[in-house]
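Read the structure below first, then the notes.
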């Protein structure tokens, strides 16, 4: 029924599917705490920020809301801004017929997730910029991603005509479709018979191997995201420690992410994803959440798989975060842009071959072969240095030891790093609570492997979090460059900060951090957990937010799983029987999706179901 209704909605729009000047006063985006919104302050589109007044004005005027969601480091967001949102003709049409709203997905993650769910249900996929049109009641009607200027203007015209002709009917259809979509997202009753740990473990391993790319590593046949929560969970399975199929897949994946184009081989750190399944052609944004999780993953893999090279990758990634993503006033920034200060995609990281030749000097033959510089470049702006083939294979071609090749690449990378220091790379200076929680977990992991610098950074980060993010009303979503709050935190913020705090507290025997974690955990249960279910943001403006038993992993770990892990540790530390009981209840209230799609809940399976429960009285 739902699929039929949503399909009809799309057909109804697509078949059928006096200009106002932009306000002369200063754009409300000009003083936003989000650099992404400030980028749009000078657009001729009369952008507004997302708040309750948007819905009130839409109802008063019976206008569609044009909700355009993106983020600072997004390449195609910049392209659509340049082609459409800075175009006078497009702006005049948008301002005349819609209420345009700009949203930073990193500041409004729950709104972004809900709009992405709508896009995936109606179009099969989504992306950014994510452009969704809402009825005055706040129900999504239709959405699109990047379109060139002329195609987008034609889309707007058809949509406006269709709305003018039949607004009441389309409003009813959108409301019904939205209600059905949210009903599907809200879990039905828990499984009558919860999955046993053994069954869940077997299902997870089986589905992972069925979806794995055994040749190039990772998951997916086109674009490749590292999906660190999924890999971390698989690494924790008993099967990962042996010589079987799962262990082999993890090694292939970790080696590919380390050696190919997802990693910056000149300055360290990882890009967000690659456009190809071989991990060679990245989109160049660097996100704090990816780098924090991958640092922790490689440190764990070094021990689990017995490969010391993985430890070096983990420590190097932590040093990259500290060097390139630290904010002068404390905490760590959200991202480094995909485009450089000349508006070139990847321009900060790419080099002409002559530049690399001069940097390599006498090492040029080895460097040329190792980095594939004798092949056509993947990018118009130059070559991205990364390993083509194995060190042993390249060394064999030149009859030298692999260490000789490795040293040549390291010398050349240092020279290129000094050269590119003169280039400019924009930074998103906002500091997000959830992502800083991941950074704290990563630095705690580094400290646990004997890295003194990581310990110092973790200690400083905890102090900054307490001072900048935690207030009488609860956690902030984060702070902007000037330290202003970005609004109230959502469940992910509480969960990932709490997990970071307990991870550090256990590592450093830090009683104050444990006490802070307890405050955060208790506040999260009060705010987000009701009648056995979780809501990501109870104060969200859109109607019909789902209440779920368990949230899945995505590019971030499951918020519910992270909070349950932190809650259990807090309960054991303080002898909190009520909190321990809450975790036990959540452990047994399992959604059907846990058995149907175990890979979506990989962290819950490995971090909750497969862990021995310890009675509170035994832990005291």
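Tabulated values for the structure
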read-out	value
Selection status of residue 295, crowded, with 23+ Cβ neighbours inside 10 Å and under 12 Å from residue 386 (Cα atoms)	no
Conditions (1) under 24 Å from residue 478 (Cβ atoms); (2) crowded, with 22+ Cβ neighbours inside 10 Å; (3) modelled with pLDDT of 95 or more: number failed by residue 91	(1)
Contacts under 6 angstrom Cβ, first residue in the stretch 156-175 being at negative phi and assigned by TED's automatic domain parsing to the domain that holds residue 139, partner surrounded by fewer than 20 Cβ atoms within 10 Å (Cβ to Cβ) and not in a helix (DSSP H, G or I), 6 or more apart	158/17; 159/17; 162/16; 162/17
Odd one out for residue 267, checked against (1) within 28 Å of residue 36 (Cα to Cα); (2) assigned to a helix (DSSP H, G or I)	(2)
Entirely in the stretch 515-601, the helices (runs of 4 or more DSSP H) that have 3 or more residues that are buried (at least 20 other Cβ atoms within 10 Å of the Cβ) and within 25 Å of the chain's Cα centre (by Cα)	559-574
Hits in the stretch 207-243 (condition: at positive phi and buried (at least 19 other Cβ atoms within 10 Å of the Cβ))	217, 218, 227
Filter pass, residue 137 being outside the structural domain of residue 553 (by TED's automatic domain parsing), surrounded by fewer than 21 Cβ atoms within 10 Å (Cβ to Cβ) and in a helix (DSSP H, G or I)	no
Elements of type helices (runs of 4 or more DSSP H) in the stretch 363-432, at least 1 residues being closer than 30 Å to residue 74 by Cβ	402-420
Residue, surrounded by the fewest Cβ atoms within 10 Å (Cβ to Cβ), within the stretch 459-488, restricted to residues that are over 22 Å from the mean Cα position of the chain (by Cα) and part of a loop (DSSP other than H, G, I, E, B)	472
Scope the stretch 94-125; condition under 19 Å from residue 156 (Cβ atoms) and not in a helix (DSSP H, G or I); matching residues	98, 99, 100, 101, 102, 103
For residue 311: the one exception among (1) more than 20 Å from residue 282 (Cα to Cα); (2) touching a helix residue (DSSP H, G or I) at 6+ places or on another chain (Cβ under 7 Å); (3) not assigned by TED's automatic domain parsing to the domain that holds residue 268	(3)
Matching option when the condition is within 26 Å of residue 33 (Cα to Cα), surrounded by 14 or more Cβ atoms within 10 Å (Cβ to Cβ), at pLDDT 95 or above and touching a strand residue (DSSP E or B) at 6+ places or on another chain (Cβ under 9 Å), among 431, 420	431
In the stretch 380-405, the residues that are surrounded by fewer than 19 Cβ atoms within 10 Å (Cβ to Cβ), under 22 Å from residue 355 (Cα atoms) and out of contact with any helix residue (DSSP H, G or I) (no Cβ under 8 Å at 6 or more places or on another chain)	380, 381
Scan of the stretch 64-77 for residues that are in contact with a helix residue (DSSP H, G or I) (Cβ under 7 Å, 6 or more places away or on another chain) and in a loop (DSSP other than H, G, I, E, B), ordered by number	71, 72
Condition check for residue 204: loosely packed, with under 15 Cβ neighbours inside 10 Å, in contact with a helix residue (DSSP H, G or I) (Cβ under 9 Å, 6 or more places away or on another chain), under 30 Å from residue 248 (Cβ atoms) and modelled with pLDDT of 95 or more	no
Hey, residue 30 assigned to a helix (DSSP H, G or I) and closer than 21 Å to residue 478 by Cβ or not	yes
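The values are calculated or read from the model by the stated rules, or taken from the named source; none is laboratory data. What you are looking at is a predicted structure, and each value in this text was computed from that prediction instead of being measured. Cβ sites come from the backbone with ideal geometry, for glycine too, and all protein chains shown count toward neighbours.
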